[in-house]
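A short write-up of the structure that comes next.
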Amino acid sequence: MMSMQSIYLLIPLLPLLAAAIVGLANHALPRWYAHVLTIAGVAGSFALSVMVFLDVLQGHTYNGTVYTWLVSGNINFEVGFLIDQLSATMMLVVTFVSLMVHIYTIGYMHEDAGYRRFFSYISLFTFSMLMLVMSNNFMQLFFGWEAVGLVSYLLIGFWFTRPSAIYANLKAFLVNRVGDFGFLLGIGMVLYFMGSLDYATVFERAPALADSTVSVIPHQHWSLLTMTCLLLFVGAMGKSAQVPLHVWLPDSMEGPTPISALIHAATMVTAGIFMVARMSPLFELSDVALSTVMVIGAITALFMGFLGIIQNDIKRVVAYSTLSQLGYMTVALGASAYSVAMFHLMTHAFFKALLFLGAGSVIMGMHHDQDIRHMGGLSKYMKITWLTSLIGSLALIGTPFLSGFYSKDSIIEAVKLSHLSGSGFAYFAVLAGVFVTAFYSFRMYFLVFHGKERWRDLHHDAHGHDDHDEHHGLAPDQNPHEQPWVVTLPLVLLAIPSLAIGYLTIQPMLFGDWFAQVIYINQEAHPVMHHLAEDFHGASAMAIHALTSLPFILALSGVFCAWLFYMQMPQIPAAIHQRCRPLVAILENKYGFDSFNEKFFAAGSRLLGGKLWQTGDVTVIDGWLVNGTARLVGLLSGVVRRLQSGLIYHYAFAMIIGVFLLLTLFMKV
Amino acid sequence: MTDLPILSLAIWVPILAGILVLLTGDDRRAELARWIALAGSLLAFAVTVPLYTGFDFAYAGFQFEEGWNWIPAFNIHYHLGVDGFAVPLILLTSFTTILVVIAGWEVIEKRVAQYMAAFLIMSGLMIGVFSALDAILYYVFWEAMLIPMFLVIGIWGGPNRVYATIKFFLYTLLGSLLMLVAFIYLFYQTNSFEISDYYRVPLAMPVQIAIFMAFFAAFAVKIPMWPVHTWLPDAHVEAPTGGSVVLAAIALKLGGYSFLRFAMPIAPDAAHALTGMMITLSLIAVVYIALVALVQQDMKKLIAYSSISHMGFVTLGFFLFNQLGVDGAMMQMVSHGFISSAMFLSVGVLYDRVHSRQIADYGGVVNHMPKFAAFAVLFAMANAGLPGTSGFVGEFMVILAALQQNFWYAFLAATTLIFGAAYTLWMVKRVFFGAVVHKHVAKLQDLNQRELLIMLILAVLVIGVGVYPKVITDITQVTSQGFLEHMAQSKLPVN
């Protein structure tokens, strides 16, 4: 029997080992080695995560060091694990979704030349993500945080010959670095003021600093913890794609679909949510930070949802949906409902991975055409994909009894109960978001799975020119067909938790004592969870009660509108499109974030760099100082050279003058 | 074992090996010259290894000391010794020399013996700089190492090599002369050229400022600090790959090391008084130079500017006067040695094949050189300070240390997270990714075994130090602690 410590160690190391072997051997090994090794690795770490989960269920938590990373004076940086309810939950979610995605990839990347490389990357991702969630200190958290960013960079740019892919991956990395910039400063604040980067120590020392202030700008006294929390949250905004650092996520859809499911929906993008939940003992001490978190989340939840309505690329619809749902989780964090955020993180991981993998299945069925305007009626041809996608969509919009309902409804209730400033706006945003979510989700669902088979009417030459060879699409006389079992099995396995996990786990996760030890809530200042528990009378009662509540009515009307607009009367959206040109333009420009960033930050940095170089280095330093000095020396030596003319009478003259001068000087004395 | 004069061996083995290589004569015996150079560099590395294995990690003073009279009339000694600051840099030097010999193996076809000899001799002289405890001995090594460097750039360099060499020469000469004046002044104060005597002699504030500035002129040029940095991009662009590697990996560290050995401990009160200036210049290097790097079209220039920006962390770390900062700066120097070597060698790999350093002449290299691209992306990520690589450690430590002095120092230093990634990865994007547009790129052959070996060694080091940086801080931290204790004591004369 292995000790638990070696099991903890094996969980991240198995995928790392598989990634290293497959990545380094690459073409030296037959193709099937790639998926066998990596699936064995991640399946092993899933099985061990289940063991750890059951162990934690028994109440066995762990906080210990693996090795000392470095020592400088009295500061020790360590690599270590904190295994508790929070990390055990994340480990289970990460390894399960990763396993599903590994299996699915066998089908999705079947024909790709980079098959081995892809498996190596996703296993490396699993390792990085596990290091992030299992960490017991800020240094290792930052390591995992940036390592998942690296893999995201590699995978978004997986098809490295596509200009759009290599633009998107650079953008993703840099925008994330902007977040990490704040995150690192936040970590610096933690180390300076709390003297440690170890979670337990920091959380223990934080309350004593609740009233401390720092004066970063002279004569301005800011709350130390507010500033620390906000800096840390900047990191979360980058990784979890909150406005205005959300711009990288829609573009990340350039990556292959399996990683959109794994990295850009289920796991990596939720790292920010996880981090804030982990830091609840810090955030609870600052109402300003919590309010900011809530408002940013609310803006993301609503305004990114709007953008989902006008997208025609199937993956981008799901991407904006992810942004919006991440906003929901962030709102929950701001309302001090950390466990609700974690709960939504978990249910979302299942149904959003399902929706993405379903979208991938549709894309394969459509021969890599991603435009939902070309689809329609696929339910006839792809039964499993259709049904599982329906389950995913229903879960996403919060249909009672499905997983998404429990988590999303709890968020809405929590915000309603919150008294922080900004909670009024947040409540409106999350409510309105319910309608928007239902509308764009079922717009996509109806356009893809029902109605006319629109690819049959396409003139193929009309959409061929801007597409790459992979995007050929279906010919008018072709039928889409269902995918092999490696693709549909993960869909089914993800559909099960999408249906049931909310019903089964809401009681222990939100109102039981599952997170009681790991999430700290200042009950007096933020009694949201307390009131929520008072209103909770069991999962079934909650769902039945919801049938008559406002969110459900909003969701239903969203679905109805989508059906009306896109199934029955397509002239309505066309008319709206005509009438509201400026509004549509704003949405199509994605509120102008991209063009602003491109023109102001990217072009501005290049302009500034060019000016500094040409003016500072080339003109002033080299031109005036260096070459100027050289010219001055040249000039002086020219003068001196003229003195050495070689003519005797010049020298004689100079001597005579000199003698006279010296005599004059001496005579004076 | 311990009785052997290890430091003398570390200095003279590569120099004698270099002379032996020279004796092979002209290019008819080039093959022999190569093998002797390789054997010499391996032996020279081997003799430095006991410096690590035999090092007393708990002792803050000088170890492996050797001393003989050299010029008794002026009290000049051949006095060697090392502490935790010198040892990592000496090992870096002897190690890098092996890489340079292998990297130039078949690439250098003309005057092979002289090329190899120049690097071996330079290696010995630079180790001399790191281990000299006598000011004149130090000065001799410091000046002497420039000669092979000038020759390397002047003989095997690019078309504009004469301008670059003269610029390099003038910059360094000015600084060196001022340093010599400082030494002579200190000699008149102490009647000694012993560095440890200089550490003890009380000096009035104006004198300390003058001495500090004289040293500053010498060392700031070498590091180089803004605004005396413009020789470096030109020197790199014209230097052959090996020259760039030594320049970036080691020569710049001579400046950083010398701040710790001379300028700061000899004039501690001046160092404290001038902290504002030093930190300002360091932060300008970090931010301004990073922006300049962003717009470079020449890969070597870009990496040269990147070097200056990264060295800004070294001087920043020194002048924070806390242990995390000083250890972080040392870490940054060692890591930069690996990463800048790797980056310049990567450019060398491309230059050897295509004979262009312009970013615009590439694009889509990964399609034909997948192995090379994998290494290049790794090193680029290390250059951008990715955790798990050595490039992260020093920057992380210095940024955390800077925040303890002033939030805005850390704020400006941390911009490297964004700009460092921007200039490095933008270059990677334009060189390695995308479709192939140039015919010469389509003809590229992936790494040969020799190149693969070098890349692999550097990759292991970059990741190794990133995962377990304790190997470096174990050496430096006791020394840096002693250094900071010394720095905390005023040397102003007591009236």
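The values are calculated or read from the model by the stated rules, or taken from the named source; none is laboratory data. Just so it is clear, the model here is predicted, and its values are computed rather than measured. Cβ sites come from the backbone with ideal geometry, for glycine too, and all protein chains shown count toward neighbours. All accessible areas refer to the heavy atoms of the entire protein, side chains included, with ligands and DNA or RNA removed. Shrake-Rupley method; radii C 1.70, N 1.55, O 1.52, S 1.80 Å.
Determine whether B:M264 is within 28 Å of B:M122 (Cα to Cα), within 14 Å of chain A (Cβ to nearest Cβ) and out of contact with any strand residue (DSSP E or B) (no Cβ under 6 Å at 6 or more places or on another chain).
Numbers: within 28 Å of B:M122 (Cα to Cα): yes; within 14 Å of chain A (Cβ to nearest Cβ): no; out of contact with any strand residue (DSSP E or B) (no Cβ under 6 Å at 6 or more places or on another chain): yes.
Answer is no for this residue.
Got a sec? Which of B:L80, B:L32 is surrounded by 14 or more Cβ atoms within 10 Å (Cβ to Cβ) and under 25 Å from the mean Cα position of the chain (by Cα)?
Testing whether each residue is surrounded by 14 or more Cβ atoms within 10 Å (Cβ to Cβ) and under 25 Å from the mean Cα position of the chain (by Cα) leaves just B:L80.
Could you say which residue among A:W159, A:W145, A:W222 is under 15 Å from the mean Cα position of the chain (by Cα) and of a type in the set (F, W, Y)? Give the derivation first.
Working: A:W159 fails: under 15 Å from the mean Cα position of the chain (by Cα); A:W222 fails: under 15 Å from the mean Cα position of the chain (by Cα).
Checking each option against the conditions leaves just A:W145.
Do you know which of the residues in the stretch B:426-437 that are more than 7 Å from chain A (Cβ to nearest Cβ) and assigned to a helix (DSSP H, G or I) is surrounded by the fewest Cβ atoms within 10 Å (Cβ to Cβ)? Walk me through how you get there before you give the answer.
The first filter runs over the stretch B:426-437 and keeps only residues more than 7 Å from chain A (Cβ to nearest Cβ), leaving B:427-428, B:430-432, B:436-437.
So of that shortlist, the ones also assigned to a helix (DSSP H, G or I) come out as B:427-428, B:430-432.
Values: B:M427: 25, B:V428: 23, B:R430: 19, B:V431: 25, B:F432: 25.
Among those that are more than 7 Å from chain A (Cβ to nearest Cβ) and assigned to a helix (DSSP H, G or I), it is B:R430.
What residue, of B:A182, B:A210, is surrounded by fewer than 19 Cβ atoms within 10 Å (Cβ to Cβ) and of a type in the set (G, A, S)? Talk me through it step by step, then tell me what you get.
Details: B:A182 fails: surrounded by fewer than 19 Cβ atoms within 10 Å (Cβ to Cβ).
Of B:A182, B:A210, the one residue that is surrounded by fewer than 19 Cβ atoms within 10 Å (Cβ to Cβ) and of a type in the set (G, A, S) is B:A210.
Where in the stretch A:537-640 are the helices (runs of 4 or more DSSP H), entirely inside, with at least 2 residues that are basic (K, R)? First the steps, then the outcome.
Numbers: elements: A:539-546, A:550-563, A:571-579, A:581-588, A:593-596, A:603-611.
It comes to A:603-611.
Matching residues to (1) part of a helix (DSSP H, G or I); (2) open to solvent by less than 10 Å² (accessible area, probe 1.4 Å):
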residue	(1), (2)
B:I90	yes, yes
B:T93	yes, yes
B:I102	yes, no
B:I108	no, no
B:M116	yes, yes
B:I121	yes, no
B:L125	yes, no
B:F130	yes, yes
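Among the residues of the stretch A:587-609, write down those that are loosely packed, with under 15 Cβ neighbours inside 10 Å and not charged (D, E, K, R).
If the condition is that a residue be loosely packed, with under 15 Cβ neighbours inside 10 Å and not charged (D, E, K, R), then A:N589, A:G592, A:F593, A:S595, A:F596, A:F600, A:A603, A:G604, A:L607 are the ones that fit.
Could you tell me how many of the residues in the stretch B:64-110 are touching an Asp or Glu at 6+ places or on another chain (Cβ under 7 Å) and farther than 20 Å from B:I136 by Cα?
Here the count works out to 2.
Within the stretch A:279-303, work out how many residues are open to solvent by 10 Å² or more (accessible area, probe 1.4 Å) and of a type outside the set (A, V, I, L, M, F, W, C).
Looking only at that region, the number is 4.
Check B:I289, B:I284, B:I279 and return the single one that is within 14 Å of chain A (Cβ to nearest Cβ), more than 18 Å from B:W142 (Cα to Cα) and open to solvent by less than 10 Å² (accessible area, probe 1.4 Å).
Values: B:I284 fails: open to solvent by less than 10 Å² (accessible area, probe 1.4 Å); B:I279 fails: within 14 Å of chain A (Cβ to nearest Cβ).
Going through B:I289, B:I284, B:I279 in turn, just one is within 14 Å of chain A (Cβ to nearest Cβ), more than 18 Å from B:W142 (Cα to Cα) and open to solvent by less than 10 Å² (accessible area, probe 1.4 Å): B:I289.
Out of B:Y351, B:Y305, I need the residue that is over 13 Å from the mean Cα position of the chain (by Cα), under 15 Å from B:A249 (Cα atoms) and touching a residue at least 40 places away in the same chain (Cβ under 8 Å). Which one? Outline the logic, then answer.
Values: B:Y351 fails: under 15 Å from B:A249 (Cα atoms).
Answer to the check: B:Y305.
Show the residue pairs meeting these rules: Cβ distance below 7 Å; 6+ apart or different chains; first residue within the stretch A:67-83 and facing chain B (nearest Cβ under 7 Å); second residue of a type in the set (K, R) and open to solvent by 30 Å² or more (accessible area, probe 1.4 Å).
Going by the 7 Å Cβ cut-off, the qualifying pairs are A:T68/B:K470; A:W69/B:K470; A:L70/B:K470; A:V71/B:K470.
For residues that are among the charged types (D, E, K, R) and touching a residue at least 12 places away in the same chain (Cβ under 8 Å), scanning just the stretch B:444-475, find the one that is nearest to the other protein chains (Cβ to nearest Cβ). First the steps, then the outcome.
Restricting attention to the stretch B:444-475, the residues satisfying the condition of being among the charged types (D, E, K, R) are B:446, B:450-451, B:470, B:474.
Remaining after also requiring touching a residue at least 12 places away in the same chain (Cβ under 8 Å): B:446, B:450-451, B:474.
On the way: B:D446: 12, B:R450: 19, B:E451: 17, B:D474: 7 Å.
Top of the filtered list is B:D474.
Name every residue in the stretch A:424-482 that is modelled with pLDDT of 90 or more and of a type in the set (D, E, K, R), in order of residue number. Please lay out each step first, then the result.
Restricting attention to the stretch A:424-482, the residues satisfying the condition of being modelled with pLDDT of 90 or more are A:424-450.
Result: A:R443, single match.
Just checking, which of A:L141, A:L130, A:L155, A:L150 is buried (at least 24 other Cβ atoms within 10 Å of the Cβ) and within 11 Å of chain B (Cβ to nearest Cβ)? Write out each step before concluding.
On the way: A:L130 fails: within 11 Å of chain B (Cβ to nearest Cβ); A:L155 fails: within 11 Å of chain B (Cβ to nearest Cβ); A:L150 fails: buried (at least 24 other Cβ atoms within 10 Å of the Cβ).
One residue alone meets the criteria, A:L141.
Looking only at residues in the stretch A:170-221 that are more than 11 Å from every other protein chain (Cβ to nearest Cβ) and charged (D, E, K, R), which one is least open to solvent (accessible area, probe 1.4 Å)?
Among those that are more than 11 Å from every other protein chain (Cβ to nearest Cβ) and charged (D, E, K, R), it is A:D198.
Considering each residue of the stretch A:85-98, count those that are open to solvent by less than 10 Å² (accessible area, probe 1.4 Å) and either more than 14 Å from A:L132 (Cα to Cα) or of a type in the set (D, E, K, R) (or both), and give that number.
2
Here's a check for you: in the stretch B:330-368, which residue that is over 18 Å from B:E106 (Cβ atoms) and of a type in the set (D, E, K, R) is surrounded by the most Cβ atoms within 10 Å (Cβ to Cβ)?
Looking at residues that are over 18 Å from B:E106 (Cβ atoms) and of a type in the set (D, E, K, R), I get B:R357.
Which of the following residues is outside any helix (DSSP H, G or I) and modelled with pLDDT of 90 or more: B:Q477, B:Q489? Outline the logic, then answer.
On the way: B:Q477 fails: outside any helix (DSSP H, G or I).
Answer to the check: B:Q489.
When the stretch A:191-225 is examined, which residues are found to be out of contact with any Phe, Trp or Tyr (no Cβ under 6 Å at 6 or more places or on another chain) and closer than 30 Å to A:A602 by Cα?
A:I217
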